[in-house]
Amino acid sequence: MSSPKASRSRWSVRPPRAVDTWMDRPLASFHLVVTVAAMLTTLGVVMVLSASSVEAYAEDGSAYTMFTRQVIFAVVGVVAFVVALRLPIRVIRAWSFPLFVISVVLLVLVLIPGIGTVAQGTRGWFMIGGVGLQPSEIAKVTFAVWGAHLLASRRAERADLKGLLIPLVPAAMVIFALIVLQPDLGTTVALGIILMALLWFAGLPLKWFVSIVGGLAVAGGVLAMTAGYRSARIAQWLDPGSDPQGAGYQSRQALYSLADGGVFGLGLGQSRAKWSYLPNAHNDFIFAIIGEELGLVGCVAVIGLFGLLVFTGLRIAARVPDPFMKILVATFTVWILAQAAINIGYVIGLLPVTGLQLPLVSAGGTSTAITLLVLGLLANISRHEPEAVAALASGHDGKVGRLLRLPVPQPYSPVEAQRARLQGRGAAGPVRAPARAADRPRTAPRGAAGQPRATAQHPRAAAPQPRAAAAQPRAAAAQPRGARRAQSDAASGRRTAVPHDPRSPERRRRR
């Protein structure tokens, strides 16, 4: 019978081993992305119902108006997740630039009065059948995908600094200008984070990276101080007690909600701040409602889910061999992490209010659907890890793969990656692919002696030897001339007489 001390030691060792064993499975990254996406989406739908019920009832007479809208967009996001999960990577690269151009056109159209609609202080919405569509959320994804494709192509060509920055940075400046005209500073900050992540993971030199970050920070500070409501938010953040009933009212009420929740919260649906005390409780400040109803435990759980998502994204980026997939997954991971950190930061008072939503949790149809689309791309790329490709090729696709009938991903091939790069180069300019042996002409230029130049320079290249013959030991070359001739005749099928060796044992016996 084992002692209690031994049993405690066993129990203290088993959970890490179980976790390590599960993480070593080929499809662990895929299952983590799907699980975290499902949990955050479910939590978001439940918290939107809890935080918006009072306001929805006051406006429409039904407590389920915003909840129903959120559920519809969540269903659309799930469909987008499955579509992104089934898309081949070469198709994503080939359509990256056309989709980016379409998103820029939408950003231009939304600024035209009569086409775009003003909502929440910005002209950044299309109203289609009473449902709002925000093109800036679409521009985030298309810019990240096209930027990853462009930078992966330039890295394959060993481009210089100019090749890394152009046309990516000018295109980013165009998007920044269009979104600032709405105006929407929060989305501009998110796009700046995407640009920085693309350049960082593409290998931009540190001094240039710091210079661009500094320039964007200065531009963001200027934009923050030019508009009256933005400068008021900055002043209130620097001095929280300066305007408690004006610019600082929302932040102050959010802190009160977090304080009321305590460790375990007041209970789901028991928030008092949503009774018209906290503006935008279902949207920008939903984390305060989570803290009030679910307490510190709920807040830590939400942060833990985002942390697990970030860990999974960086794990996928480190494992996939394709440079395009590496840059894209790492960029998406940094974007989700930064947006969640900024939202939680200004709710708890560490950052000024910027209006960025908490991904998958805050109310917002376009944001929810686009984020699920991004997670679908992450899940798709996670299936391209070498171990996952080998497992899927052998038929171990798991329950999710069999349920959705997902196609088996192809192993990474530099030739196929180059072909996808050439198909989806778009406005990146002409791409000069490195010469391959299959692309070179079979007949080389003739030399002075009438022979091919490669043959004249390398005589051995004209008659390539089999690998097995080249690997023979030197002892074979030391055989007698007659034995070697017999071996060659035997290989050709001829029968020749082998000269008699006077030193053979039979000759010695006769003597």
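The values are calculated or read from the model by the stated rules, or taken from the named source; none is laboratory data. Worth saying up front: this structure is predicted, and the values here are computed from it rather than measured. Please note: Cβ atoms are built from the backbone with ideal geometry, for glycine as well, and neighbour counts cover all protein chains shown. To get the accessible areas, we keep the full protein, side chains included, count just its heavy atoms, and leave off ligands, DNA and RNA. Shrake-Rupley method; radii C 1.70, N 1.55, O 1.52, S 1.80 Å.
For this structure, a couple of remarks:
- Per-atom-type breakdown for the range 90-186 gives carbon and sulfur 70% of the accessible area (1.4 Å probe, protein chains only).
- Once the convex hull of all Cα atoms in the range 138-243 is built, its volume per residue stands at 105 Å³.
- Straight Cα distances below 22 angstrom link K207 to the lysines K162, with same-chain residues fewer than 8 positions distant left out.
- Gyration tensor verdict on the range 60-135 (Cα atoms; rounded if a/c is under 1.5, prolate if a/b is larger than b/c, oblate otherwise): oblate
- Taking label positions 7 Å along the Cα-Cβ direction at both V263 and V213, the computed distance is 3.8 nm, reported to one decimal.
- Length-normalised contact order for the range 30-161 - Cα pairs under 8 Å, 6+ apart - percent: 15 percent
- Anisotropy class of the range 168-323 from Cα gyration tensor, a/c 1.5 cut: oblate
- Probe 1.4 Å, accessible area per residue of the range 180-322, Å²: 47 Å²
- Hull volume per residue, based on the alpha-carbon atoms of the range 302-362 and their convex hull, is 81 Å³.
- Here, the range 102-177 has an Rg and a Dmax of 15.6, 49 Å when only alpha carbons are counted.
- Column: log10 I(q)/I(0), Debye, Cα scatterers of the range 249-306, q = 0.15, 0.23, 0.25, 0.28 Å⁻¹: -0.34, -0.79, -0.92, -1.10
- Listed peptides 33-43, 398-408, 319-329 appear in the order 319-329, 33-43, 398-408 once ranked by packing, highest mean of other Cβ atoms within 10 Å at the front.
- Approximate spin-label separation D160-M173, in nm, with each point projected 7 Å along Cα-to-Cβ: 1.9 nm
- Under a model in which nothing but the beta-carbon of Lys, Arg (+1) and Asp, Glu (-1) is charged, the range 188-335 shows a dipole of about 360 debye around its Cα centre.
- Each peptide in 153-164, 179-190, 285-296 was scored by the mean count of other Cβ atoms within 10 Å over its residues; highest first, the order is 285-296, 179-190, 153-164.
- A protection proxy built from the mean count of other Cβ atoms within 10 Å ranks the segments 263-272, 141-150, most packed first, as 141-150, 263-272.
- Extension gain from I72 to L111, taking 0.36 nm per residue of separation minus the Cα-Cα distance: 11.4 nm
- Amide N of the range 231-247 lying under 16 Å from the label point, which is placed 7 angstrom from the Cα of L351 along Cα→Cβ: 233-234, 237-238
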